[in-house]
Amino acid sequence: MAGDEPLTWRALGAVPLFASLPEARLRELWAASVPRGHPVGSVLRSAGAPADHLLVLLRGRVAATGTTGGGRVVRYGQWDGPCALDKVALLDGRGHTATFTALTFCAVRSVRRDRFLGLVDDTAAVRAHVFAVLARQARAQQQRLTETATLPAEARLAGWLLAQAAALARGAPGPARVRIPGTQQALADTLGVTRVTVNRALARLRRDGLIRVEGDCVHLLAPESLALRAGDGGEHRNGAQGL
């Protein structure tokens, strides 16, 4: 399997941040970076910890979470390698923005902060990539705040299912299918609601024939109707749902 093959400097070229770098720079980065493997469940970095290295996830999947002042865990999302994690933290030097936990075995290489900042300063494509990431994060945060303030749980769930299906579709035939990230509690953290609320929202969508749930897999049977649920605030006849 490709995932079992030893990693080489070429793996860095598959990371979007480094995709434009010539072979010589990739080899240089590879030689200067430190490799490490993280088993399932281990924490790669904790929120607030000093961001003195850029974490380059070459293989595996991680979840990013934060904790509110009241002790509630909020799941920001999950990322699959190859990608560079938490670039923002290295730019402002104020510590990691989230806690990153391995959902699968993760192969990571660490690049010193000064070397990463040098790439941002010297390489236009790297700089443009970082700016694009910052713009997407700002828009995503604004959208999350809007949804948290205005949308009931069922609308958030419908919108999340559609977004995940769109990201995974890539022309695949048949009904869209989405996997719940880990557990229903993890999904609840992603949506900013409780696990009980997620269970109820899933049950309503299933009862109305919009989805079918099989284990950790959700089949989208009526995407158009789901889009209506996501767009109308879920107030079709059940009323707004509390958190």
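Any read-out appearing in this document is the output of simple, stated calculations on the displayed coordinates, not a laboratory observation. Everything quoted here is computed from the prediction, not taken from an experiment. Backbone-built Cβ (ideal geometry, glycine too); neighbour counts: all protein chains shown.
Computed from the C-beta positions of residue 125 and residue 183, the FRET efficiency with R₀ = 51 Å rounds to 0.85.
Sequentially through the range 73-86, phi angles give Karplus couplings (6.51, -1.76, 1.60; θ = phi - 60°) of 7, 10, 9, 7, x, 9, 10, 10, x, x, 6, 9, 9, 6 Hz, Gly and Pro residues having no value and appearing as x. Residue farthest toward the positive end of the dipole of the range 14-141, with Cβ of Lys/Arg at +1 and Asp/Glu at -1: which of 49, 29, 125? Highest projection toward the positive end goes to 49. With a simple spin-label model that places each label point 7 Å from the Cα along the Cα-to-Cβ direction, the separation between residue 23 and residue 214 comes to 4.6 nm.
Taking amide H as placed 1.01 Å from N in the peptide plane, the amide H of residue 96 sits under 5 Å from that of 48, 49, 51, each at least 5 places away or on another chain. Near residue 82: Cβ cut-off under 12 Å, other residues only, Lys/Arg at +1 and Asp/Glu at -1. The net charge is +3. Fully extending the segment from residue 42 to residue 194, taken as 0.36 nm per residue of separation minus the present Cα-Cα distance, adds 52.3 nm. Annotation: extensible slack from residue 136 through residue 83 equals 17.6 nm (criterion: 0.36 nm per residue apart, minus Cα-Cα distance).
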